[in-house]
Amino acid sequence: VHPGADLLLVSHGGPIKALLCYILGVEVRSLFRIKQDNTAVSLVEVDDATRRVVLVNDTCHLTAAGADLAPRDVLTDAGENAL
């Protein structure tokens, strides 16, 4: 353990959304209410007393590299398209 150090986690959307639910203190079944596009960045800060969600589902890095790439979350976008 390295107090004050940064940690980078790379994962599929489901585990990221489950971690966000934990940090927000909501039930894990709420993960379907969180949008997490492919390659999106979320940022959390954790210290001894506080867990804080700073950024969720940021895809600004896609606009410079490939503006024609539409971010898509296969878990939530499929349901939205069915409506």
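Could you say which residue among LEU83, LEU69, LEU55, LEU43 is open to solvent by 70 Å² or more (accessible area, probe 1.4 Å), over 15 Å from HIS12 (Cβ atoms) and modelled with pLDDT of 90 or more? Before you say what the answer is, go through the steps one by one.
Details: LEU83 fails: modelled with pLDDT of 90 or more; LEU69 fails: modelled with pLDDT of 90 or more; LEU55 fails: open to solvent by 70 Å² or more (accessible area, probe 1.4 Å).
Only one candidate qualifies: LEU43.
Considering only the stretch 15-38, state which residues are among the charged types (D, E, K, R), open to solvent by 90 Å² or more (accessible area, probe 1.4 Å) and assigned to a helix (DSSP H, G or I).
Of the stretch 15-38, the ones among the charged types (D, E, K, R) are 17, 27, 29, 33, 35, 37.
Checking the rest, the ones that are also open to solvent by 90 Å² or more (accessible area, probe 1.4 Å) come to 27, 29, 33.
Once the filter is applied, which keeps residues that are among the charged types (D, E, K, R), open to solvent by 90 Å² or more (accessible area, probe 1.4 Å) and assigned to a helix (DSSP H, G or I), the stretch 15-38 yields ARG29, ARG33.
List pairs: first residue in the stretch 44-61 and on the phi > 0 side of the Ramachandran plot, second residue open to solvent by less than 80 Å² (accessible area, probe 1.4 Å) anywhere in the structure, Cβ distance under 6 angstrom, at least six positions apart or on different chains.
ASN57/LYS35; ASN57/GLN36; ASN57/ASP37; ASN57/ALA40
The values are calculated or read from the model by the stated rules, or taken from the named source; none is laboratory data. What you see is a predicted model, and the numbers here were worked out from it, not measured in a lab. Methodologically, a virtual Cβ is constructed for each residue, glycine included, from the backbone with ideal geometry; neighbour enumeration extends over all protein chains shown. Just so you know, the surface numbers come from the protein's heavy atoms only, side chains and all, with ligands and any DNA or RNA stripped out. Shrake-Rupley method; radii C 1.70, N 1.55, O 1.52, S 1.80 Å.
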